[in-house]
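K.L.:
One structure follows; several queries about it will come next.
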Amino acid sequence: MAYALSVLEKSPIAEGESAAQALARTLRLAQQAESWGYRRFWLAEHHNTPQLACPSPEILIAYLLGQTSRIRIGSGGVMLQHYSAYKVAENFNLLAALAPGRVDLGVGKAPGGLPLSTQALQAAHDRQRKPDFAQQLAQLTAHLHDDAQPGLSATPLPPQPAQRFLLGASQESAQLAAEHGWAFVFAAHLNGNPQDIQRALAHYSAQSGGRKALLAVAVIVAASAEQANALAAGIRQYRVHVAGGQSVTVGSLEQAESYVQQAGAGDYRIEPRESHILLGTAPQVRQQLEQLQRRYGVEEFVIDTPVSEPAARQASLQLLAQESLAPA
């Protein structure tokens with residue numbers, strides 16, 4: 001069975017280059033992904049992170065929409081906890097009006113940064129009245145459906161609204177997506193535990209009338225298996241659990257310790273998390289994707305390439321496309 005491939009882009013800043021150079025490369029990569037046959041090109045949101053250049057996906061989405069013609073452009077995702085649901089609806093209705101049929105709105109529960117940036121983003125919030133994530137998702141859904149409140153619309157109302165995706169890595173997220181009519185993307189690049197994936201995807205299908213979830217996976221493709229293994233050698237993930245707070249996944253022990261320090265946490269746990277990366281030559285990775293498709297019934301994969309070296313990232317996506325996709 002054929003499957004679609006999409007791209008998750010984090011706009012990494014390579015050593016010795018500027019954010020402007022990294023963002024220019026993101027544009028070129030979006031244009032290349034379109035020509036290679038990828039279905040979507042999603043921008044991640046990261047705050048106070050010197051190695052990554054995109055804290056505002058919606059701004060970069062508008063820029064990329066104007067310089068591509070077919071590929072869907074979207075967020076992967078907007079970190080909803082920081083924002084007014086009404087403002088997010090306005091932003092994506094405007095984008096969808098500018099490029100009908102090409103805009104995706106992905107939202108997630110993660111903070112997209114460490115506690116200092118979360119505190120800065122939410123400094124004006126009334127903490128006693130701030131809704132939780134489930135309430136924010138319900139509000140956003142209502143605004144996008146234009147039925148939140150009589151006399152209140154998130155204008156402009158587009159001819160084709162943005163497609164809606166909830167990003168998560170648990171059965172609870174799958175349940176939320178199904179309840180509110182959102183497509184579900186399981187973030188296996190952050191949590192590749194097969195049992196968690198199986199439970200969440202099966203639950204989503206059962207609760208949503210048989211809809212298929214998307215699966216986000218970490219992928220490294222190179223000319224040889226040895227090269228792919230070398231690129232993956234230094235990649236690590238850590239899960240930070242803070243008592244009474246949100247658990248987060250970070251990319252280094254240093255980030256994990258910074259998270260704990262910034263949170264002022266006395267009761268916490270940092271645990272290494274196994275990195276589930278699909279890696280090898282293009283035929284080897286295609287075989288791994290086909291195995292996942294057979295196991296979970298996935299019809300679309302969102303590809304995260306967790307290497308910062310520009311040539312290696314481009315080659316990985318290009319080799320995978322040449323092996324698995326017909327050019328657009």
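K.L.:
With a 1.4 Å probe and all protein chains left in place, how much accessible area per residue does segment 1-153 have, in Å²? Please list the in-between numbers first.
P.N.:
Details: 6690 Å² over 153 residues.
Per-residue value: 44 Å².
K.L.:
For segment 204-288, state which trypsin sites (Lys or Arg not before Pro) are in a DSSP loop and have at most 15 other beta carbons lying within 10 Å of their beta carbon.
P.N.:
On the way: sites: Arg211, Lys212, Arg236, Arg239, Arg269, Arg273, Arg286; in loops: Arg211, Lys212, Arg236.
For trypsin sites (Lys or Arg not before Pro) across segment 204-288 that sit outside H, G, I, E and B with at most 15 neighbouring Cβ atoms in 10 Å, the list reads Arg211, Arg236.
K.L.:
Please label the shape of segment 135-178 as rounded, prolate or oblate, based on the square roots a ≥ b ≥ c of the eigenvalues of the alpha-carbon gyration tensor (a/c under 1.5 means rounded; beyond that, a/b larger than b/c means prolate, else oblate).
P.N.:
Oblate.
K.L.:
Rounded if a/c is under 1.5, else prolate if a/b is larger than b/c, else oblate: which is segment 227-328, with a ≥ b ≥ c the root eigenvalues of its Cα gyration tensor?
P.N.:
prolate
K.L.:
Ordered by residue, what ³J(HN,Hα) values in Hz, to whole numbers, does segment 63-70 give under the Karplus form 6.51 cos²θ - 1.76 cosθ + 1.60, where θ = phi - 60° and Gly and Pro are x?
P.N.:
Working through the residues one at a time gives 5, 6, 4, x, 10, 10, 10, 10 Hz.
K.L.:
Determine by what factor the alpha-carbon radius of gyration of the chain differs from 2.2 N^0.38 Å, reporting the quotient.
P.N.:
0.96
K.L.:
Apply the Karplus curve 6.51 cos²θ - 1.76 cosθ + 1.60, θ = phi - 60°, to the phi angles in segment 175-183 and return the couplings in whole Hz, x for Gly and Pro.
P.N.:
With coefficients 6.51, -1.76 and 1.60, one gets 5, 4, 4, 5, 4, 9, x, 9, 5 Hz.
K.L.:
Run the accessible area of segment 91-222 with a 1.4 Å probe and give the carbon-and-sulfur part as a rounded percent.
P.N.:
Within segment 91-222, the accessible surface is 51 percent carbon and sulfur.
K.L.:
When the helices in the chain are scored as -39500 (n - 2.57) per DSSP H run of 4 or longer and the sum is shared across all residues, what 222 nm value do you end up with, to the nearest 500 deg cm²/dmol?
P.N.:
-12500 deg cm²/dmol
K.L.:
OK, next. Compare Gln287, Gln128, Gln32 in a GNM of the chain, Cα atoms joined below 10 Å, and give the one with the largest fluctuation.
P.N.:
Evaluated over the chain, the most mobile residue of the options is Gln128.
K.L.:
Additional query: At 1.4 Å probe size, what's the solvent-accessible area of Ile13? Round to the nearest 10 Å².
P.N.:
Estimated to the nearest 10 Å², Ile13 gives 40 Å².
K.L.:
Let me ask something additional. In whole Hz and in residue order, list the ³J(HN,Hα) couplings for segment 13-28 that follow from phi through the Karplus curve 6.51 cos²θ - 1.76 cosθ + 1.60, θ = phi - 60°; x for Gly and Pro.
P.N.:
Residue by residue, segment 13-28 yields 9, 6, 4, x, 10, 9, 4, 4, 5, 5, 5, 5, 5, 4, 4, 4 Hz.
The values are calculated or read from the model by the stated rules, or taken from the named source; none is laboratory data. Keep in mind that what you see is a predicted model, and the values were worked out from it rather than measured. Glycine also receives a Cβ, built like all others from the backbone with ideal geometry; neighbour counts cover every protein chain displayed. Quick note on the areas: whole protein, heavy atoms, side chains included, nothing else; ligands and nucleic acids left out. Shrake-Rupley method; radii C 1.70, N 1.55, O 1.52, S 1.80 Å.
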